[in-house]
Amino acid sequence: MCDYSLHSIKSRPAKIGDMMTTRDFGTGRRGFAASEDLGVAVCVLPGTELAFAHEVKRLPARLWVWHDQVIKHTTAIFRQINKEKMAAHHDALEFPDGQIVLLTSLSEGQQATVLQLPAEPKTAHEAEVQRRVASIEQTVTPEEIAPLAFRGHERSVSDKG
């Protein structure tokens, strides 16, 4: 999805194989831009699996300058957090160690590829199950989800094909 701060930017939905770049769109917020057109925001669905070209770098934290600015992973799952708060950033990445980082806090210019989109429900029952899982994810801590969600996800892009 595209965060509220990117709603005024030209956008398109993410597709499998998309090459994207983290970018500041001039709104003071970062998101994913289409590599072929940096003026287009790529809206990613929650549950989409991403592979970064390198370890992910985040902006220096103002309060915690000693905080590690490199995330030692190259894969992540796109999440929506703080959905109950209107004026909060929602777009985030969950890394294999359970760490959740807001997309807007990533450094600009990082390359990511869409590995897999979330499964689309084919029946009303599947849609209801996905809705319930999404509501559970909002109440369960990342530490409780991480051991289950990332088994085998540290493969490189070339290992997927």
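Per-structure values
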quantity	calculated
Subset of segment 100-122 [surrounded by 18 or more Cβ atoms within 10 Å (Cβ to Cβ) and more than 18 Å from Ser35 (Cα to Cα)]	Leu102
Answer from Thr113, Thr104 - the residue that is among the β-branched types (Val, Ile, Thr), modelled with pLDDT of 90 or more and under 21 Å from Thr21 (Cα atoms)	Thr113
Pairs with Cβ under 7 Å, 6+ apart, first in segment 112-124 and farther than 18 Å from Thr75 by Cβ and touching a residue at least 60 places away in the same chain (Cβ under 8 Å), second part of a strand (DSSP E or B) and of a type in the set (A, V, I, L, M, F, W, C)	none
Flag for Asp18 being within 10 Å of the chain's Cα centre (by Cα) and buried (at least 20 other Cβ atoms within 10 Å of the Cβ)	no
Pairs with Cβ under 8 Å, 6+ apart, first in segment 68-85 and at negative phi and surrounded by 14 or more Cβ atoms within 10 Å (Cβ to Cβ), second basic (Lys, Arg) and not in a strand (DSSP E or B)	Thr75/Arg155
Which listed residue, of Leu45, Leu50, Leu59, is closer than 28 Å to Ala119 by Cβ, touching a Leu at 6+ places or on another chain (Cβ under 8 Å) and surrounded by fewer than 16 Cβ atoms within 10 Å (Cβ to Cβ)	Leu45
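The values are calculated or read from the model by the stated rules, or taken from the named source; none is laboratory data. Computed from a prediction, not measured in an experiment: that's the story for all the values here. Ideal geometry is used to build each Cβ from the backbone, glycine not excepted, and the neighbour counts take in all protein chains shown.
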